[in-house]
1. Under 10 Å, Cα contacts only: if you run a Gaussian network model on the chain, which one of 141, 32, 125 comes out with the highest mean-square fluctuation?
2. Over the chain, calculate the relative contact order: mean separation of alpha carbon pairs under 8 Å at least 6 apart, over the residue count, as a percent.
3. What spacing in nm lies between the two simple spin-label points modelled at residue 150 and residue 51, each 7 Å away from Cα in the Cβ direction?
4. Would you indicate which of (1) 1, 5, 8, 8, 7, 6, 6, 5, 4, 4, 4, 3, 3, 4, 3, 3, 4, 6, 7, 4, 2, 1, 1, 0, 0; (2) 1, 7, 14, 19, 22, 18, 10, 5, 2, 1, 0, 0; (3) 1, 7, 12, 15, 16, 14, 13, 10, 7, 4, 2, 0 is the value of P(r) over Cα pairs in 5 Å bins from 0, in percent derived from the coordinates of this structure?
5. Under a 10 Å cutoff between Cα atoms, tell me which one of 14, 147, 33 has the largest fluctuation in the Gaussian network model of the chain.
């Protein structure tokens with residue numbers, strides 16, 4: 001979900017409606033977030049992610065609500081170029097997650113059917129989008145403050161992994177089974 005949409009959701013969750021004056025400062029908050037990220041952008045990849053992406057023998061895509069600049073900066077600093085066949089960002093689509101359009105667009109660009117793909121998510125809105133798109137999904141919590149209970153009624157608990165390392169065997173087996 002794009003940062004400005006996240007901020008709106010936080011405001012709504014706190015009981016502020018769309019007419020509240022807080023919504024006038026969303027751009028200021030979003031721009032401040034970008035500036036802070038630029039100043040502190042010392043990327044430390046999630047433990048095991050480089051190895052996993054290199055070892056997966058299937059088509060890989062990134063579907064993120066973040067801006068193209070943010071996504072590309074992170075991907076290129078961590079992985080270099082060419083590790084993902086498709087990159088879809090918040091700049092590419094009118095609606096983000098939980099709308100299934102971002103995942104459906106990725107499927108179209110990869111020429112895949114929903115049953116030929118798996119989504120690795122870290123947020124409930126992404127799981128909702130994958131479910132609506134009819135794509136199998138797993139969750140990796142990594143350093144998130146989210147808990148298994150945050151995904152209640154969205155995904156089977158057996159599909160929620162504490163981190164990328166614990167999900168790597170599942171993903172390697174999944175890719176291997178699809179490449180046959």
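Every number in this text was worked out from the coordinates using simple rules, so none of it is lab data. Note that the structure is a prediction, hence the values are computed from the model and not measured. Note that each Cβ is placed from the backbone with ideal geometry, even for glycine, and that neighbours are counted across all protein chains shown.
1. Residue with maximal mean-square fluctuation among 141, 32, 125: 32.
2. Relative contact order comes out at 20 percent.
3. The two pseudo-label positions are separated by 2.6 nm.
4. After the calculation, the listed value that fits is (2).
5. 14
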